[in-house]
Each structure stands twice: as C-alpha cells, then as structure tokens.
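Asks: One structure, pasted below without further comment.
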Amino acid sequence: MLEIIDQGNSKGGAKGRIWTIDPIDGTKGFLRGGQYAVCLGLMVDGDVKVGVLGCPNLPVDDAAPLTADIGTNATDEGRGVIFSAVQGQGATSRPLGTAGLAEGKSIAMKPITEMSNASFCESVEAGHSDQGVAGQIAQKLGITKPSVRMDSQAKYGSIARGAGDIYLRLPTSKSYQEKIWDHAAGDLIVREAGGQVTDVSGNRLDFSVGRTLAENKGVIAAPAAVHDQVIKVVQEVLGQQ
Ligand SMILES: Nc1ncnc2c1ncn2[C@@H]1O[C@H](COP(=O)(O)OS(=O)(=O)O)[C@@H](OP(=O)(O)O)[C@H]1O
Ligand SMILES: [Mg+2]
C-alpha cells in the first residue's frame, strides 16, 4: 500500500496527463461526521478535463437547502452523491444510495435574482479561509443570510447543483499555496454547471504550474452572471485591509 501511495509523486505541471486524487478531502469534516469528499481530477497539459467528487454525507436531493448540518438527518438511502463533469459536456449529480449508483442528472447553478436572498458557503476551519473578510464581502454585496460553513470540496458540488450560490475562500496567510487536488474537480464541476471560478484577483485557477496553485490566492466561485460583481466587492474589501 505504501509503495502505491509513493507512486503519487508527480510534480504536476503543464505537460501530459496527470491525475489528482484526494482520498479524503475535508479530513476534519470526516472526523466530525460532517462533510468530506473523495476527489478525482484528470488534467491534460495543465487543463482540468474530468472532475469527480464523491460526497457520502450530502443529501441525494439536489434541491435540499444548504445548511451547516446538511445531511445529518438523512437516511442511508437519502444520503450520498457523486458530482462529475467532463470538459465541454456539462456537470451531473448521481445518487449514491444503498441501492447502488442511480442515473445521473444534469445540474446547473441557480441564477441569483436578488443578492439579498443569496447564500454563500465557506470553510469550517478559520485557518483555511478568512471568515471575517468573507463576512464583510457578503455584507457589502447585500447578502443577508449568515454563511454556511462546511468542509471539503462538497462546497463546490453544493453550489454547482444550485443548493447554494457562492463559495468564498479568502487567504489567511501570504505563504499558503492551495493544492491542486483540493480544487481540480470542484473547479471543473462548477464551471461546467454555469459558474465561474477564480482567485481573489479574478484570474482563473492555474493548474499548470505544479502541485500547488502558486499563481493564485483564494477562491471565488459564483454564477457567471454575478461573478464580476462579486470580484469587484472582493477587491474593494481586500483593498481596505
Ligand atoms: N492554511 C490553509 N489555507 C487554506 N487551505 C488549507 C490550509 N491548510 C490546509 N488547507 C487545506 O484545506 C483543505 C480542506 O479545506 P476545506 O475548506 O475544504 O475544509 S475545512 O472546512 O477548512 O476543513 C484541506 O484538505 P484536506 O487536508 O484534504 O482536508 C487542506 O489541504
Ligand atoms: Mg484536501
């Protein structure tokens, strides 16, 4: 087993086919019985072509409202979903209940008609995302609901299927570089569902520069129609820091 794990030693980069695997993303969520995800991404020449997220603790129902305790009351049949996307072919969700894999359904981000009704999600861990700055951004956007804090790339899947609207991940340190396996699948799934995923400067996540997103700081994911508006506010708030 250890030998197999040691084979995962790619340096990443802009050439060739590279698989990213995060066997348990959101380790703390897994330990506390919350959200976690099994994540797989295929990059070809630095571009994410396939993304899959297995989220055993999310409800099957794509429309289940996003709450911090989402999934905790679901039965085994009602819990578990696999999100997937292939570049240029859209994104799907597929129930992962006890009866085995069911048919996949096409998913899309929900259009935001009123920012005041929008929801946003962020990390549970304050060390992974600056919750204070996210709160200021949300307030400036006119969002009135408190954030939904959940672990792992389940956040990407949740906004891709329209259960939530916006994902904010604000850097907590200048030196931390996000890992490609923590974002590759979610990035493609949200973009294929009609969203935009960028860093705090509005630049696309660059998966071609190695094992980390060395060229990016933070993650801002939102429906394409409002993404520019969100980035403008992110810049204003970060500019005041
Ligand atoms: N300082 C810092 N800043 C940003 N991100 C960090 C940081 N430290 C760790 N990590 C990575 O965050 C991954 C899980 O973060 P999530 O937001 O998905 O979940 S959590 O609510 O924060 O637990 C987590 O993935 P897992 O290790 O797979 O759980 C880490 O890779
Ligand atoms: Mg991870």
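Asks: Give me the residue from region 1-31 that is free of Cβ contacts under 8 Å to residues at least 12 places away in the same chain and part of a loop (DSSP other than H, G, I, E, B) and, out of that set, least open to solvent (accessible area, probe 1.4 Å).
Replies: 9
Asks: Among the residues of region 43-76 satisfying the criterion of being aliphatic (A, V, I, L, M) and under 16 Å from residue 23 (Cβ atoms), which is surrounded by the fewest Cβ atoms within 10 Å (Cβ to Cβ)?
Replies: Taking region 43-76 first, the residues aliphatic (A, V, I, L, M) are 43-44, 48, 50, 52-53, 58, 60, 63-64, 66, 68, 70, 74.
Going one step further and asking which of them are under 16 Å from residue 23 (Cβ atoms), we end up with 52-53.
Numbers: 52: 21, 53: 30.
Taking the candidates together, the pick is 52.
Asks: Another one. Of the numbered conditions (1) within 23 Å of residue 21 (Cβ to Cβ); (2) touching a Lys or Arg at 6+ places or on another chain (Cβ under 8 Å), residue 190 fails exactly one; give the number of that condition.
Replies: (2)
Asks: Follow-up. Any residue at all in region 138-146 that is free of Cβ contacts under 8 Å to residues at least 60 places away in the same chain, of a type in the set (Gly, Ala, Ser) and surrounded by fewer than 18 Cβ atoms within 10 Å (Cβ to Cβ)? Write out each step before concluding.
Replies: Taking region 138-146 as the starting set, the residues that turn out to be free of Cβ contacts under 8 Å to residues at least 60 places away in the same chain are 138-139, 142-146.
Of the ones still in play, those that are also of a type in the set (Gly, Ala, Ser) are 138, 142.
Retained after the next criterion (residues that are surrounded by fewer than 18 Cβ atoms within 10 Å (Cβ to Cβ)): 142.
Checking region 138-146: at least one residue is free of Cβ contacts under 8 Å to residues at least 60 places away in the same chain, of a type in the set (Gly, Ala, Ser) and surrounded by fewer than 18 Cβ atoms within 10 Å (Cβ to Cβ).
Asks: Can you confirm whether residue 211 is within 13 Å of ligand 2 (Cβ to nearest atom), open to solvent by 40 Å² or more (accessible area, probe 1.4 Å) and either closer than 21 Å to residue 83 by Cβ or at pLDDT 95 or above (or both)? Lay out the reasoning, then the answer.
Replies: Values: within 13 Å of ligand 2 (Cβ to nearest atom): yes; open to solvent by 40 Å² or more (accessible area, probe 1.4 Å): yes; either closer than 21 Å to residue 83 by Cβ or at pLDDT 95 or above (or both): yes.
Against the criterion (within 13 Å of ligand 2 (Cβ to nearest atom), open to solvent by 40 Å² or more (accessible area, probe 1.4 Å) and either closer than 21 Å to residue 83 by Cβ or at pLDDT 95 or above (or both)), residue 211 qualifies.
Asks: Specify which of the listed residues (38, 60, 81) is within 16 Å of ligand 2 (Cβ to nearest atom) and in contact with a Pro (Cβ under 7 Å, 6 or more places away or on another chain). Break it down stepwise before answering.
Replies: Values: 60 fails: within 16 Å of ligand 2 (Cβ to nearest atom); 81 fails: within 16 Å of ligand 2 (Cβ to nearest atom).
Only one candidate qualifies: 38.
Asks: OK, next. How many residues, within region 111-131, are more than 16 Å from ligand 2 (Cβ to nearest atom), in a loop (DSSP other than H, G, I, E, B) and not charged (D, E, K, R)?
Replies: 6
Asks: Please enumerate the residues belonging to region 168-182 that are surrounded by 22 or more Cβ atoms within 10 Å (Cβ to Cβ) and more than 9 Å from ligand 1 (Cβ to nearest atom).
Replies: Of everything in region 168-182, those that are surrounded by 22 or more Cβ atoms within 10 Å (Cβ to Cβ) and more than 9 Å from ligand 1 (Cβ to nearest atom) turn out to be 168, 170, 180.
Asks: Answer yes if at least one residue in region 77-87 is touching a strand residue (DSSP E or B) at 6+ places or on another chain (Cβ under 6 Å), closer than 28 Å to residue 231 by Cβ and surrounded by fewer than 22 Cβ atoms within 10 Å (Cβ to Cβ), and no otherwise.
Replies: Within region 77-87, one or more residues are touching a strand residue (DSSP E or B) at 6+ places or on another chain (Cβ under 6 Å), closer than 28 Å to residue 231 by Cβ and surrounded by fewer than 22 Cβ atoms within 10 Å (Cβ to Cβ).
Asks: Looking only at strands (runs of 3 or more DSSP E) that fall completely inside region 149-241, which ones have 2 or more residues that are more than 17 Å from residue 48 (Cβ to Cβ) and in contact (Cβ under 8 Å) with a residue 40 or more places away in the chain? Talk me through it step by step, then tell me what you get.
Replies: Working: elements: 166-169, 195-198, 219-223.
In region 149-241, the matching strands (runs of 3 or more DSSP E) lie at 166-169, 219-223.
The values are calculated or read from the model by the stated rules, or taken from the named source; none is laboratory data. Please read all numbers here as calculations on a predicted model, not as lab measurements. Positions of Cβ are backbone-derived with ideal geometry, glycine not excepted, and every protein chain shown enters the neighbour counts. Please note that ligands, DNA and RNA were not included when accessible areas were found on the heavy atoms of the full protein model with its side chains. Shrake-Rupley method; radii C 1.70, N 1.55, O 1.52, S 1.80 Å.
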